[in-house]
2 protein chains.
Amino acid sequence: GSALPWNAGYAEIINAEKSEFNEDQAACGKLCIRRYEFGAEEDQEWLTLCAEEFLTGHYWALFDGHGGPAAAILAANTLHSCLRRQLEAVVEGIVATQPPMHLSGHCVCLSDPQFVEEKGIKTEDLVIGALESAFQECDEVIGRELEASCQVGGCTALVAVSLQGKLYVANAGDSRALLVRRDEIKPLSSEFTPETERQRIQQLAFVYPELLAGEFTRLEFPRRLKGDDLGQKVLFRDHHMNGWSYKRVEKADLKYPLIHGQGRQARLLGTLAVSRGLGDHQLRVLDTNIQLKPFLLSVPQVTVLDMDQLELGEDDVVVMATDGLWDVLSNEQVALLVRSFLPRNRDDPHRFSELAKTLIRSTQGKEDGPAGERQVSYDDVSVFVIPLHSQGEGGSGP
Amino acid sequence: GSALPWNAGYAEIINAEKSEFNEDQAACGKLCIRRYEFGAEEDQEWLTLCAEEFLTGHYWALFDGHGGPAAAILAANTLHSCLRRQLEAVVEGIVATQPPMHLSGHCVCLSDPQFVEEKGIKTEDLVIGALESAFQECDEVIGRELEASCQVGGCTALVAVSLQGKLYVANAGDSRALLVRRDEIKPLSSEFTPETERQRIQQLAFVYPELLAGEFTRLEFPRRLKGDDLGQKVLFRDHHMNGWSYKRVEKADLKYPLIHGQGRQARLLGTLAVSRGLGDHQLRVLDTNIQLKPFLLSVPQVTVLDMDQLELGEDDVVVMATDGLWDVLSNEQVALLVRSFLPRNRDDPHRFSELAKTLIRSTQGKEDGPAGERQVSYDDVSVFVIPLHSQGEGGSGP
């Protein structure tokens with residue numbers, strides 16, 4: 001535990017009934033960003049990557065695999081390098097007070113800083129852009145590697161990066177990061193599932209109907225329709241609708257729905273429970289040639305927590321966990337556990353690891369508490385507990 | 001003023017320097033919803049629309065025209081009929097405690113109510129759906145009518161409907177509805193402009209590059225690029241990005257940007273300041289064959305205010321106005337004017353109309369106040385002031 005950045009805690013459990021391997025993977029470490037040196041002469045520019053590190057951040061990542069652990073393992077081994085490369089490509093902009101219009105620093109036009117200012121572009125937007133690009137680059141790497149090694153699979157990705165006093169949380173999938181402070185509970189990510197991304201997915205099927213190969217219906221109904229419903233007017237929703245309306249059921253409406261099931265049971269094309277993530281390049285609907293990948297996004301949503309703006313307490317943490325935790329514990333229940341555990345264990349140097357283990361145990365029904373309300377998780381569960389108070393320790397240049 | 005529903009106030013001003021007509025149009029009135037009577041026998045169903053009204057609502061609408069007043073006039077004359085028709089088509093569901101799976105009320109499957117329950121479908125979702133459909137139907141009507149009469153133009157649409165204790169606000173464009181209460185200011189709509197809908201618009205151009213006819217670039221840059229920028233790495237953003245990154249400028253990047261300009265000056269294809277609305281079926285980029293309509297949505301965003309859940313005060317109102325008002329007054333300034341005017345004029349039966357006039361006058365720099373901070377509007381301005389306290393008066397069935 002104490003080798004983790006910032007003394008963060010980590011714990012995991014494998015409920016491996018359903019598969020041989022832990023499909024959850026985790027990664028964390030220092031993020032050492034080097035800088036390029038510029039040389040320019042007439043129309044020619046040279047760039048050299050310096051050896052010593054220029055800027056230091058910290059990195060935590062959780063990957064929840066499906067269809068085997070291959071994609072999650074690749075992501076855990078690759079994503080931080082992609083991110084480092086993407087950050088190194090823009091680091092001159094990141095350390096400026098305002099990103100320059102030109103990365104070279106030369107102004108082509110005197111009013112360039114004013115244009116950047118008017119667009120409200122800040123240095124944190126470059127880190128967000130780097131995270132977005134890194135996820136996409138990592139997705140391409142995974143696609144190539146899996147194909148080359150005749151493996152399959154996909155994974156969700158939840159990444160936290162601490163850099164220059166800010167915590168960036170990038171999420172593609174159904175894991176969650178939760179800020180827990182003495183008087184505040186705030187999710188730092190939102191889940192991407194067939195339900196939460198219904199309109200985007202239906203819209204794609206509307207634009208490219210060939211993606212459904214005549215086997216699925218794009219429309220949403222409260223339940224799967226059957227022969228008895230033919231000719232009746234039933235509740236439905238299409239891609240442009242947030243509300244509901246009625247339509248007369250035709251034969252095509254009896255096809256299997258593009259998105260089917262409620263809550264945790266909701267599936268995309270009857271196959272997948274998430275709508276964003278890495279991998280799945282080869283994934284097809286069982287016994288068909290219908291591909292899932294066109295409906296999946298690898299780009300994450302990024303939220304930024306400005307730690308320098310918060311008066312952080314000793315027990316303020318971010319809890320990152322895969323869906324196995326959040327399926328059985330609410331945000332409020334997690335916050336209760338955090339707030340009762342940490343103040344009681346201030347002297348324990350491993351208290352963040354112990355808290356992570358406590359959170360894991362409470363998904364197994366082994367903890368005291370409102371047992372009647374508590375379910376048991378049969379999924380893999382992985383948890384990081386990141387203490388925010390120690391931010392700034394460990395130094396960060398320049 | 002006193003003939004308006006709920007004694008609501010209305011005022012408008014024409015800054016007609018730029019055009020012959022008031023391009024703003026307004027409409028309001030009672031919404032009388034009739035009911036269909038069902039008759040069924042074996043596989044046959046008959047529906048008859050009853051003569052007497054079954055459910056009553058109220059309706060306020062503002063349309064801000066561009067390219068002439070034709071579309072706004074058509075919308076003001078048509079949208080309420082479209083909405084009435086759409087509501088009449090689902091009224092049996094609206095008056096139920098929960099919308100039935102089948103509009104006929106017959107259950108094909110005993111667990112149907114449970115499926116509707118699990119999806120969380122409520123009667124207000126049917127009103128939202130009816131508003132969404134009505135906007136689209138009205139857009140089609142406007143397209144046909146303008147073509148038949150060889151006219152052109154488009155308009156934004158902001159609609160408020162009060163029905164069964166709820167206020168529905170549907171918005172397509174850059175008008176705004178603002179709730180002002182003693183201790184609360186809450187926007188009930190958000191604006192749809194090329195800036196706020198950047199990702200949707202860039203995504204469309206990515207999927208259908210032919211829509212740009214090789215004349216525009218999909219990418220966003222802090223300013224329009226020029227020859228000097230060629231080969232340099234400059235800040236840019238593509239459809240999948242919320243953050244910013246750098247790219248090396250190629251010749252194609254020098255084209256005119258799909259979305260250009262900041263704030264009020266932002267234009268779609270150099271032509272239009274809004275990204276949602278009605279009409280514009282014929283609109284093309286000047287001197288080209290490039291159409292605007294594929295980038296425009298007619299579907300509104302709908303927000304619901306549950307008036308029955310609020311302890312409404314005598315001076316609680318919704319202020320609806322076209323962009324001419326919000327360009328020169330902030331939400332806070334409008335709230336200040338409302339809160340200082342209404343309590344002082346409780347005895348005036350026309351106080352809501354007088355408030356609307358006061359708001360209009362303050363866009364003309366004729367009012368007292370922090371004149372230094374206040375700008376003058378040269379746009380048409382139209383304002384409704386809807387008192388919420390009188391809701392429930394005037395009766396509403398069934």
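The values are calculated or read from the model by the stated rules, or taken from the named source; none is laboratory data. Note that this is a predicted model, so its numbers are computed, not measured. Cβ sites come from the backbone with ideal geometry, for glycine too, and all protein chains shown count toward neighbours. The accessibility values were calculated without ligands, DNA or RNA, using every heavy atom of the protein model including side chains. Shrake-Rupley method; radii C 1.70, N 1.55, O 1.52, S 1.80 Å.
Couple of notes before you dig in:
- The number of residues in segment B:295-324 being under 18 Å from B:PRO387 (Cβ atoms) and not in a strand (DSSP E or B) comes to 10.
- Test: residue in segment A:263-280 that is closer than 30 Å to A:LYS166 by Cβ, out of contact with any strand residue (DSSP E or B) (no Cβ under 7 Å at 6 or more places or on another chain), assigned to a loop (DSSP other than H, G, I, E, B) and of a type in the set (Val, Ile, Thr): yes
- Residues of segment A:99-124 that turn out to be closer than 21 Å to A:ARG35 by Cβ, more than 9 Å from chain B (Cβ to nearest Cβ) and at pLDDT below 95, as a count: 2
- Just one of the listed residues (A:VAL180, A:VAL127, A:VAL161) is within 14 Å of another protein chain (Cβ to nearest Cβ), buried (at least 21 other Cβ atoms within 10 Å of the Cβ) and in a strand (DSSP E or B), namely A:VAL161.
- Residue count, segment B:97-124 (criterion: within 29 Å of the chain's Cα centre (by Cα) and assigned to a helix (DSSP H, G or I)): 3
- Test result for B:ILE142, in contact (Cβ under 8 Å) with a residue 60 or more places away in the chain, in contact with a strand residue (DSSP E or B) (Cβ under 6 Å, 6 or more places away or on another chain) and open to solvent by 10 Å² or more (accessible area, probe 1.4 Å): no
- Residues that are open to solvent by 10 Å² or more (accessible area, probe 1.4 Å) and either closer than 19 Å to A:GLN291 by Cβ or away from chain B (no Cβ under 14 Å) (or both), drawn from segment A:130-139: A:GLN136, A:ASP139
- Criterion violated by A:GLU314 - all others in (1) in contact (Cβ under 8 Å) with a residue 24 or more places away in the chain; (2) farther than 30 Å from A:TYR208 by Cβ; (3) crowded, with 18+ Cβ neighbours inside 10 Å satisfied: (3)
- When residues of segment B:263-295 are limited to those that are touching a residue at least 60 places away in the same chain (Cβ under 8 Å) and within 13 Å of another protein chain (Cβ to nearest Cβ), the one farthest from B:LYS186 (Cα to Cα): B:PRO294
Rundown of residues vs (1) touching an Asp or Glu at 6+ places or on another chain (Cβ under 9 Å); (2) among the β-branched types (Val, Ile, Thr); (3) farther than 26 Å from A:GLN151 by Cβ, yes/no style:
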{"position": "A:GLN282", "(1), (2), (3)": "yes, no, no"}
{"position": "A:VAL285", "(1), (2), (3)": "yes, yes, no"}
{"position": "A:ASN289", "(1), (2), (3)": "no, no, no"}
{"position": "A:PRO294", "(1), (2), (3)": "no, no, no"}
{"position": "A:VAL302", "(1), (2), (3)": "yes, yes, yes"}
{"position": "A:VAL318", "(1), (2), (3)": "no, yes, yes"}
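- Test result for A:LYS166, in contact with a Pro (Cβ under 6 Å, 6 or more places away or on another chain) and either within 13 Å of another protein chain (Cβ to nearest Cβ) or at pLDDT 95 or above (or both): no
- In segment A:27-66, counting only strands (runs of 3 or more DSSP E) that sit wholly within it, the ones holding 2 or more residues that are modelled with pLDDT of 90 or more and away from every other protein chain (no Cβ under 14 Å) span A:55-66.
- Scanning segment A:190-223 for residues that are of a type outside the set (Lys, Arg) and away from chain B (no Cβ under 14 Å) yields A:GLU191, A:THR193, A:LEU212, A:ALA213, A:GLY214, A:GLU215, A:PHE216, A:THR217.
- Of the residues making up segment B:84-103, those that are crowded, with 18+ Cβ neighbours inside 10 Å, closer than 24 Å to B:VAL116 by Cα and touching a residue at least 40 places away in the same chain (Cβ under 8 Å) number 8.
- For segment A:166-175, the count of residues that are among the polar types (S, T, N, Q), surrounded by fewer than 24 Cβ atoms within 10 Å (Cβ to Cβ) and in contact with a strand residue (DSSP E or B) (Cβ under 9 Å, 6 or more places away or on another chain) is zero.
- Test: residue in segment B:79-97 that is away from chain A (no Cβ under 14 Å), of a type in the set (D, E, K, R) and more than 30 Å from A:THR196 (Cβ to Cβ): yes
- Of the residues making up segment A:224-235, those that are open to solvent by 30 Å² or more (accessible area, probe 1.4 Å) and facing another protein chain (nearest Cβ under 9 Å) are A:LYS226, A:ASP228, A:GLY231, A:GLN232, A:LYS233.
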